[in-house]
Each structure stands twice: as C-alpha cells, then as structure tokens.
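As structure tokens, the structure follows; a few thoughts come after it.
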C-alpha cells in the first residue's frame, strides 16, 4: 500500500534536490483511481492504454508490486511531489504489508514527471535510480512522444522489479 508509507520519489523538478520552497498544500480533489492507467491528460491512445494495462498486469503477476501510470494535464499549482503523495495516500496502491506500490506520474502541461515509490521498494527503485528512469523518459517527452516516454518508464521499472523478484526466488 502506497498510502501513508510513501517516502521517496523522483521527479523532474527541484524536488529532485529535496528543495521544497513552500509548505505542502492540501490537495482538495485528487483523481479517482479508475484502473492501472489513469490518463486524465488524454495523451495515451486507447490501443496503447490497453497495451500498458496488460503490461502492468504482467509486472504485478511476476513481482507482486503494483505499478499505476497517471497523467494529469496540470498540477494546478501543487508540487508534483505533493500530488503524487496525495494520490498514493488516497488510493492505497500496492500491498499494505509489503508497501510495494509505485505511481508513475506525468503532468505534461507543467512539464513535470515523478516516480513515487512505497517504502518496500525503496531499495530497488532508489531516489537515484528513479531519477535515471525519469531522465530516460524526458528524452521522449521533449519531442512530445509521451506514450514512448511512459513505455520506457514502465519497461525500466518493470525490469528493476523483476530483477529483484528473481533475486529473492534464487535466494
């Protein structure tokens, strides 16, 4: 469950350096969780969304970790860290005992991206590793290729989670 156990995440803003110029604002009406992909920014065509949903289901089946992709047009003045945290707390992504939820959050109009990680996965998707994944996604986002950037992020997160799952099985 991502809910109250979110600590780390990595994004494409000053939050990367841990700089929070203003105290967190309460987010009044975060999105509703409608599935493994919540495309409120309408940047993912239906066929690609279906492919992503299938990929996210496979990742969860293979690793037990729950990954959700979220796009929102704008943060409406909130920091992406606060928004991601509010979604995680409100939705309860991942298993409550394992704390193994991940939210990949994109706000294209604000040019912000973040990977929010539950405590149980912080050794795998470290702040540094999440930053590397975001950097690889940004290459595609700069060209307006949001779907490709999201696919890269999901692929990288999935690969890291699978590697950890295989390591645990081998041990």
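Just a few scattered comments:
- Scan of the stretch 38-54 for residues that are more than 15 Å from residue 145 (Cα to Cα) and either surrounded by fewer than 18 Cβ atoms within 10 Å (Cβ to Cβ) or out of contact with any strand residue (DSSP E or B) (no Cβ under 9 Å at 6 or more places or on another chain) (or both), ordered by number: 40, 46, 47, 50, 51, 53, 54
- Test result for residue 158, at pLDDT below 95 and either closer than 18 Å to residue 64 by Cβ or loosely packed, with under 14 Cβ neighbours inside 10 Å (or both): no
- So residue 58, is it under 19 Å from residue 95 (Cβ atoms), surrounded by fewer than 14 Cβ atoms within 10 Å (Cβ to Cβ) and out of contact with any helix residue (DSSP H, G or I) (no Cβ under 6 Å at 6 or more places or on another chain): yes
- Condition check for residue 104: buried (at least 18 other Cβ atoms within 10 Å of the Cβ) and either farther than 23 Å from residue 31 by Cβ or at pLDDT below 95 (or both): no
- Restricting the stretch 136-148 to residues that are without any contact (Cβ under 8 Å) to a residue 40 or more places away in the chain and assigned to a helix (DSSP H, G or I) leaves a set whose member that is farthest from residue 56 (Cα to Cα) is 139.
- Odd one out for residue 99 among (1) within 22 Å of residue 30 (Cβ to Cβ); (2) over 12 Å from the mean Cα position of the chain (by Cα); (3) at pLDDT 95 or above: (3)
- Some residue of the stretch 80-98 being surrounded by fewer than 21 Cβ atoms within 10 Å (Cβ to Cβ), under 16 Å from residue 37 (Cβ atoms) and out of contact with any strand residue (DSSP E or B) (no Cβ under 6 Å at 6 or more places or on another chain): no
The values are calculated or read from the model by the stated rules, or taken from the named source; none is laboratory data. Quick caveat, the model's predicted, so the values are computed rather than measured. With ideal geometry, Cβ positions are generated from the backbone for all residues, glycine too; neighbour counts draw on all protein chains shown.
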